[in-house]
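To start, the structure itself, in structure tokens.
The values are calculated or read from the model by the stated rules, or taken from the named source; none is laboratory data. Nothing here was measured: the structure is a model prediction, and the numbers come from that model. Glycine also receives a Cβ, built like all others from the backbone with ideal geometry; neighbour counts cover every protein chain displayed. When the accessible area is computed, the model is the full protein with side chains, heavy atoms only, and any ligands, DNA or RNA have been set aside. Shrake-Rupley method; radii C 1.70, N 1.55, O 1.52, S 1.80 Å.
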Amino acid sequence: MGQVMRIQVRKIKGMKNTKEFYPATFLLVSFAIISINSINAVAQKEERRERTIDEIRVEAIHRAEVGQYPLIGLDPADVKEAFESIQTSDKDEWAAGFMHVADRYFNEAKSLEKSDPTKANADYIRAWRIYSFGRWPIPASPGKQRSYERALEAFLAHARFFDPPLEIVKIPFEGKEITGYLRLPKNAKGPVPLVIAVNGLDSRKEDLTESFSAILPFGIGYLAVDGPGTGQHPIKASPAADRMLSRVLDYAQSRPEVDKNRIAMHGVSWGAYWAAKMAIVERARLRGCSAQSPPVDKFFQKDFLTNKLLGNREYLFDQVPALMSILDNVHTLDEMADFMPKMSLVQQGLLGKPMAPMLIIAGVLDTQVPIEDEYLLLNEGDVPKEAWINPRGGHLGRQVGVWPDPLIFKQVIIPWLVKTLQAQ
């Protein structure tokens, strides 16, 4: 490129009029634009590349150190220890590395249940979080599936220490069942308000169960379920999969302990998509819906999939394979590109219809769900919505060291749900 530019410069210096000068200038500028565009294309392609296992190791340890998703609550020392035995991107090798560390805490917890229940509970929590990262983002191999099963076992062992207790509910659904975790406030008098909580792509109902314990002191219960295609799901995600959550709502209203006129829904990321859709299709039965970075329309288009989601660096790794796994009858990238637009709330003809009140939480710098989707959702419906938009936030509005996930949950989500459900 340098040699060509020098030749161009000599020709330009030798020009005697503008008729000679203009074509040469155009040639030089054109070449520069082509070169810059080529560099940009290479940079974009590089940015869309998934992290190598060494890059994942460095990034995961860093995220554990700063308390960043998906390593919130994990001890960096445990993460470093697990990576000592992970040398490749093999999924079973990954799972084995983390299960080896988690097993130690799980076994110690079992031995301490009677003599030191407080320490046992803390060990179960630690084991659950490590097992969960061992299956992250999805249990896509036999080893990761075992790590997921161990995570469930460790979490339920931890849940035995809950007061008020956790009830595992099994809701019949189309010949299968929906598994949920129900907790109601202690010593409640009369039917109580309830939040139905739906997880994201790679989080699970166990994560929501842990977080929503914070709403119990306000006299509000919660029912956490895995969304379509995730966790212990009975069906995968499709344009009609909201029927699963309508069934959960049926169940909630059937419980005599629950005030059927004061039920809200909360969804995070992919769960926020379901919360936004339910705010429309079930508006008559929901007091309100809070949605953290809900995909609405642009997210589902092919250009966003290929230019933003593939190799996304805000996501630790494998976002597109994880997303593909939850979609009904989708097995290739081409099938995914064809399927995704059908999920758009615009294409389904839902935006613009009456809605339940909503709280929308988002970050302007989110690379996983376009902020345009949130602005679009805010503009539609028939009742005012509330929004918490972090101009320096990424996915879910989170901002490392300033607005971490737990702080948003405590200071933004819980107060809105309490206000919405306690209003008469």
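Worth pointing out:
- Peptide packing for 110-120, 306-316 was compared via the average number of neighbouring C-beta atoms within 10 Å per residue; ordered from the highest value, the list is 306-316, 110-120.
- Total formal charge among the other residues, if their Cβ is under 13 angstrom from that of Q399, Lys/Arg +1 and Asp/Glu -1: -1
- Point-charge dipole on Cβ atoms (K/R +1, D/E -1) for segment 131-252, about Cα centre, debye to 20: 120
- Phi angles across segment 258-274 convert, under the Karplus curve 6.51 cos²θ - 1.76 cosθ + 1.60 with θ = phi - 60°, into 3J(HN,Hα) values of 9, 6, 5, 8, 10, 10, 10, 10, 10, x, 10, 6, 4, x, 5, 4, 5 Hz, Gly and Pro given as x.
- Across segment 344-354, coupling constants 3J(HN,Hα) worked out from phi with the 6.51/-1.76/1.60 Karplus curve, θ = phi - 60°, read 4, 5, 6, 4, 7, x, 9, 5, x, 7, x Hz, and Gly and Pro carry x.
- Potential extension, R104-K236 segment - 0.36 nm per residue separation minus Cα distance: 44.1 nm
- Seen from a random direction on average, the alpha-carbon convex hull of segment 178-258 projects onto 5.1 square nanometres.
- Protection-proxy order for peptides 247-260, 219-232, each taking the mean of Cβ atoms within 10 Å per residue, highest first: 219-232, 247-260
- Of W136, A109, N121, farthest towards positive along the dipole that unit charges on Lys, Arg, Asp, Glu beta carbons give segment 99-157: W136
- In whole percents, the pair-distance distribution calculated for segment 58-172 from its alpha-carbon pairs, binned every 10 Å from zero, is 15, 42, 32, 10, 1.
- As a rough guide to protection, the peptides 273-286, 204-217 ranked by mean Cβ packing within 10 Å, highest first, stand as 273-286, 204-217.
- Computed over protein heavy atoms with a 1.4 Å probe, the accessible surface of segment 164-270 works out to 34 Å² per residue.
- Between the labelled values [x] 28.2; [y] 25.9; [z] 20.2, the entry that holds mean projected area of the Cα convex hull in nm² as derived from this structure is [y].
- Computed over the alpha-carbon pairs of segment 139-224, the distance histogram in 5 Å steps reads 3, 13, 21, 23, 20, 12, 5, 2, 1, 0 percent, short to long.
- Per the Debye formula on identical point scatterers at the alpha carbon atoms of segment 289-424, with no solvent, log10 I(q)/I(0) at q = 0.10, 0.19 Å⁻¹ is -0.37, -1.17.
- Dipole of the chain [Lys/Arg +1, Asp/Glu -1 at C-beta], most positive-end residue of A387, H62, V258: A387
- Principal axis extents of the C-alpha atoms in segment 320-394 (largest first, rounded to whole Å): 39, 31, 16.
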